[in-house]
Structures are given as C-alpha cells and as structure tokens.
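Written out below as structure tokens is the structure these notes cover.
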Amino acid sequence: MKPTERKIKFMKALSLDAMKPTEREIKFMEALLLAITAPSEEYKEECIQMASSIGSSLTEKQRDLAVKGVECRIEYARRYG
C-alpha cells in the first residue's frame, strides 16, 4: 500500500461518520435511558432486560462508550434542564 493510500485510509477512519454510533448502540442507550426514567419498577425491569439483550451483541468498548454517553446526557439535563 502506498503512503498516500495509507494516509487516505487513516483520514477516513478519523472522519465524523466513523464516530457515529451504530443503530444497536443507539437502541442500547435508549433502553438505558428508559430504564432510568421508567415510571414504575415493572417498566424499569423490562427496559433493563432490553438493554441487557441489546448490550450482549456489543463489545465492551461499545457498551462503555454508550454508558458514558447516557451519563453525559443525564448530567446535561440536570444542569441545563
């Protein structure tokens, strides 16, 4: 591989598109948020089960980043309503 080809491949990997969460990661984050904001213990448990099921198909790194994203969203909502 030529140096310019390597540079192009590297730049594509750093693009914003490469940093967008996948559909599964988004669904995992939504399930976590729903569990946190659930109006009852029954709904909370259902959302936890959904998050667990979705999370099992993600890597540990994906799960960790998603949890951090949810924590950031919650903190932002607390500070700025």
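See the values below:
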{"item": "From the options ALA35, ALA66, residue that is surrounded by 15 or more Cβ atoms within 10 Å (Cβ to Cβ), in a helix (DSSP H, G or I), at pLDDT 95 or above and under 14 Å from the mean Cα position of the chain (by Cα)", "result": "ALA66"}
{"item": "Condition met for ILE48 (surrounded by 10 or more Cβ atoms within 10 Å (Cβ to Cβ), modelled with pLDDT under 95 and hydrophobic (A, V, I, L, M, F, W, C))", "result": "no"}
{"item": "ALA77 vs. criteria of a type in the set (Gly, Ala, Ser), more than 13 Å from the chain's Cα centre (by Cα) and assigned to a helix (DSSP H, G or I)", "result": "yes"}
{"item": "Filter result for the condition that a residue is modelled with pLDDT under 95 and out of contact with any Asp or Glu (no Cβ under 8 Å at 6 or more places or on another chain), over GLY81, GLY55", "result": "GLY81"}
{"item": "Condition met for ARG24 (modelled with pLDDT of 95 or more and either surrounded by fewer than 12 Cβ atoms within 10 Å (Cβ to Cβ) or part of a loop (DSSP other than H, G, I, E, B) (or both))", "result": "no"}
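The values are calculated or read from the model by the stated rules, or taken from the named source; none is laboratory data. Just so it is clear, the structure is predicted and the values come from calculations on it, not from any experiment. Cβ coordinates were reconstructed from backbone atoms using ideal geometry, including for glycine residues, and neighbour counts include every protein chain displayed.
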